[in-house]
Each structure stands twice: as structure tokens, then as C-alpha cells.
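Just so it is clear, none of the values below were taken in a lab; they were calculated from the coordinates. What you see is a predicted model; the values in this text were computed from it and never measured. Cβ placement follows ideal geometry from the backbone for every residue including glycine, while neighbour counts extend to all protein chains displayed.
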Amino acid sequence: MLDLAEAIVCQQGISALTMDAVAQAAGISKGGVQSCFGTKAALIDALFARFGQAYERRFREVASLDDDPAGQVRAHVEATFGSDEVSSAKAAGLLAALLQSPQDLVGTLTWYRERVRNWQLDEPGRQQALLAFLATEGAFMLRYFGLVEMDDALWQKALQQIRALLDAPPSDASCSMD
């Protein structure tokens, strides 16, 4: 059913993704789809979970080594740049479609809130971690939304620069990210 849901989003956009549409594509009743997912939001969450499996596995590997916010950002950087291109492109496509449907963004908003929860950004090293997080997200979206042509060499260069930012000693200049 997730294959069918993905095809509906890719071919017709997120607004076409309904329990009825998935049921019709699968040749089953709407109740059959609802018994699997419950709600459209749960279906969307399942799609993201599917695309993000490699990301989550890599994130947990790296994050388990350091639960400090900067360590969490390092895990995010490594997982984002280490995710396979097909899954990343699909996740970006679904995210782009979701931007047109804010009511379906709840899972994505929760994911981002969890990533930055409890960050105290008054320390310079943590400010650098925030910049690394934002740079990672920007690079991902620019590449996979097709806004900047970013071949593998440029993608790897971005990864190197973001790692360097995370590895650099905290800046002496006071920087407020308020």
C-alpha cells in the first residue's frame, strides 16, 4: 500500500492522497486501508518512516556516541549526507508536496521539534551546531528540490565544510541566534 500511496503523491500530488485513493489503487475497501494506517496523517508518517529508515539507522549509530546537542547535530549531518539518494529524493518530494498541505505536516513538524528540543544555544559550540544543522537542511533541500545543481563532488564538499564547522573550536565572537 505504501508503494501505491507513494505513486499517488508522485503522480498527482499530496492533495490526491486519500484513504479512498489508496483503497481504489489497491483494489480493496477504504476500511482495509484504515485498518492498516488509521488516518491519512499516519499514512504520511509511514511513508516518511519508510524513506527515512537508512537515515534513522545511521543517526542512531552516531547519536548513541554523544547525546549532547552538538553530538545530535553531528549524527544528523552524517545521517543526512549518508542516506541513499533515492530515499532522500523521495522524502524531499513528499516534503515538497506536504508544504502545500499544512494540516498534513504535523509529523514533520514534530520530527524537527524533537531534533532541536532542549538545545541551549547560549554556548558558542552549540551555536556552531545550530549553524551546521541549518546548513545540512539547506543543502538537502537545495539538492533534492532541484534548486541548485549539486553533483556528488559538491555534496561531499558541503559535507566536509559542515564537519569542519562542527570540529572547529567555538568561535570567540559572540553570536546571538535569538
query: If you average the sequence gap of Cα pairs under 8 Å that are 6 or more apart and divide by the length of the range 1-82, what percent do you get for the contact order?
result: 21
message: Let's test this: bin the Cα-Cα distances of the range 64-168 at 10 Å from zero up to the farthest pair and state each bin's percent.
response: 14, 44, 34, 8
- request: Would you mind calculating the relative contact order of the chain from Cα pairs under 8 angstrom and at least 6 residues apart, reporting the percent as a whole number?
  value: 21
message: At 222 nm, what value in deg cm²/dmol follows for the chain if DSSP H runs of at least 4 each add -39500 (n - 2.57) and the sum is divided by all its residues, to the nearest 500?
response: -22500 deg cm²/dmol
Label-point separation, residue 164 to residue 3 (7 Å along Cα→Cβ), nm: 4.5
- prompt: Mean shadow of the chain, computed from the convex hull of its alpha carbons, in nm²?
  reply: 11.2
message: Just to be sure I understand the rule: take each whole DSSP H helix in the chain, project its Cα atoms onto its long axis, keep it if the span is 24 Å or more and its mean Kyte-Doolittle hydropathy is at least -0.5. Which ones pass?
response: 124-144
query: What does the highest-first list of 55-64, 105-114 look like by mean Cβ count within 10 Å?
result: 55-64, 105-114
- request: Would you mind calculating the relative contact order of the range 50-115 from Cα pairs under 8 angstrom and at least 6 residues apart, reporting the percent as a whole number?
  value: 32
message: Using the Cα centre of the chain as the reference point, and only Cβ charges (+1 on K/R, -1 on D/E), how large is the resulting charge dipole? Debye, rounded to the nearest 20.
response: 440
